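J.: Quick one: the structure is below, questions incoming.
The values are calculated or read from the model by the stated rules, or taken from the named source; none is laboratory data. These numbers come from a predicted model, not from an experiment. With ideal geometry, Cβ positions are generated from the backbone for all residues, glycine too; neighbour counts draw on all protein chains shown. All accessible areas refer to the heavy atoms of the entire protein, side chains included, with ligands and DNA or RNA removed. Shrake-Rupley method; radii C 1.70, N 1.55, O 1.52, S 1.80 Å.
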Amino acid sequence: MKRQTERYKITTPSESINLELIRDFVGKLARRAGFAEDNVNKIQLATDEACTNVVKHAYKNLPVGPIQVEITLNNEKFVVTVSDKGVGFDIANLTRPDMVEYLNQFKKGGLGIHLIQTLMDQVTFRVNPFHKNSVKMIKYIHRTESADKLRQQEIIMKRSRNRR
Amino acid sequence: MEQNQFEVIRQDQDDISILTIKGYLDAHTAPDFEKAIQELLESNRYKIVIDFSDLNYISSAGLGVFMGFIEDVRKNGGDIKLAQLNDRVFKIFDLLGFPNLYEIYENLGQAIEKFKSA
């Protein structure tokens, strides 16, 4: 049965205490959309990272502003759009770190964007300072399930090698 | 919203300190964890084991705490060893390659023993 596109929205103040609330909201909808728990966790973490960036950077030196998390879902995909009305960010700086170098140099921070891009299937950034900056993150519902299972197996294999 | 989203319990065994972390480690709770490690370093305690058995969730803000202290800890002859991570939390560490930088143990006793036998 084809599912109509459903839309859900939550708006909270840009304070870190609301991250848990947002994770719960997104997690419940991802489960309802039919994702396995592993993918629910990925969607929750990617959303948390996008919202954490808003809390930490979007309203820097400004009063607390809104974080809006909008979910649209249908049979094919689950789309999370996190938006704010803050200062925006430089899209050119959204490069993914070389993790080997990152770890060797004991760097700190800057992993959020990397995680978002790793955990989700498609990510789009839009910047319009003080009006609407947004991160749109898509997870496909069916297409990636088999790929995810393979990835899970890889992780388990890697884990048995790495874990002491 | 759950009460006590995050809690750190410290237990010292000779020169080894074990921090048991519970709940959620995100941008809201990371400063509490940072403070707990900072307190250890201020009293020159550099042999640290983190017991993850009751930690349900970690985001990059939590991972950042480990990255913020590891260099200083190792320069002082210590280490931060991780133990008893559940699958959800381990996957995030693994995804970012952290097992290459940190020693991760299945159980707490192994991590403590590693310090004692060093």
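J.: Which of the numbered conditions does B:D26 fail, given that it passes all the others? Conditions: (1) touching a strand residue (DSSP E or B) at 6+ places or on another chain (Cβ under 8 Å); (2) more than 10 Å from every other protein chain (Cβ to nearest Cβ); (3) acidic (D, E).
T.: Every condition holds for B:D26 apart from (2).
J.: Continuing with this model, one more query. For residues that are among the β-branched types (V, I, T) and in contact with a helix residue (DSSP H, G or I) (Cβ under 6 Å, 6 or more places away or on another chain), scanning just the stretch B:62-102, find the one that is nearest to B:R10 (Cα to Cα).
T.: Only one residue tops the list, namely B:I80.
J.: Restricting the stretch A:11-24 to residues that are within 13 Å of the chain's Cα centre (by Cα) and not charged (D, E, K, R), which is surrounded by the fewest Cβ atoms within 10 Å (Cβ to Cβ)?
T.: Among them, the one singled out is A:I22.
J.: Here's something else I'd like to know. For the condition more than 9 Å from every other protein chain (Cβ to nearest Cβ) and either over 10 Å from the mean Cα position of the chain (by Cα) or of a type in the set (G, A, S) (or both), what is the one hit in B:A83, B:A61?
T.: B:A83
J.: Right, next: Can you tell me how many residues in the stretch A:66-79 are at pLDDT 95 or above and either surrounded by fewer than 16 Cβ atoms within 10 Å (Cβ to Cβ) or closer than 13 Å to A:F125 by Cβ (or both)?
T.: Here the count works out to 1.
J.: Looking only at residues in the stretch B:87-118 that are of a type in the set (D, E, K, R) and open to solvent by 20 Å² or more (accessible area, probe 1.4 Å), which one is farthest from the other protein chains (Cβ to nearest Cβ)?
T.: Here the answer is B:K116.
J.: Output yes when any residue across the stretch B:43-50 is closer than 30 Å to A:T47 by Cα and either among the charged types (D, E, K, R) or at the interface with another protein chain (Cβ under 9 Å from one of its Cβ atoms) (or both), and no when none is.
T.: No, every residue in the stretch B:43-50 fails to be closer than 30 Å to A:T47 by Cα and either among the charged types (D, E, K, R) or at the interface with another protein chain (Cβ under 9 Å from one of its Cβ atoms) (or both).
J.: To continue, here is another question. Would you mind stating whether B:S59 is closer than 22 Å to B:Q5 by Cβ, in contact with a helix residue (DSSP H, G or I) (Cβ under 7 Å, 6 or more places away or on another chain) and modelled with pLDDT of 95 or more?
T.: yes
J.: Could you list all residues from the stretch B:68-80 that are open to solvent by 10 Å² or more (accessible area, probe 1.4 Å) and facing another protein chain (nearest Cβ under 10 Å)?
T.: Of everything in the stretch B:68-80, those that are open to solvent by 10 Å² or more (accessible area, probe 1.4 Å) and facing another protein chain (nearest Cβ under 10 Å) turn out to be B:G68, B:F69, B:E71, B:D72, B:R74.
J.: Can I ask one more? So which pairs qualify, if the first residue must be in the stretch A:73-102 and part of a loop (DSSP other than H, G, I, E, B), the second must be hydrophobic (A, V, I, L, M, F, W, C) and open to solvent by 80 Å² or more (accessible area, probe 1.4 Å), the Cβ gap must be under 8 Å, and the two must be at least 6 apart or on different chains?
T.: A:K85/A:F130; A:G86/A:F130; A:V87/A:F130; A:G88/A:F130
To keep it simple, each residue is scored yes or no on (1) under 27 Å from B:F66 (Cβ atoms); (2) among the small types (G, A, S); (3) surrounded by fewer than 18 Cβ atoms within 10 Å (Cβ to Cβ).
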site	(1), (2), (3)
A:V26	yes, no, no
A:R32	no, no, yes
A:L45	yes, no, no
A:T52	yes, no, no
A:T81	no, no, no
A:G86	no, yes, no
A:H114	yes, no, no
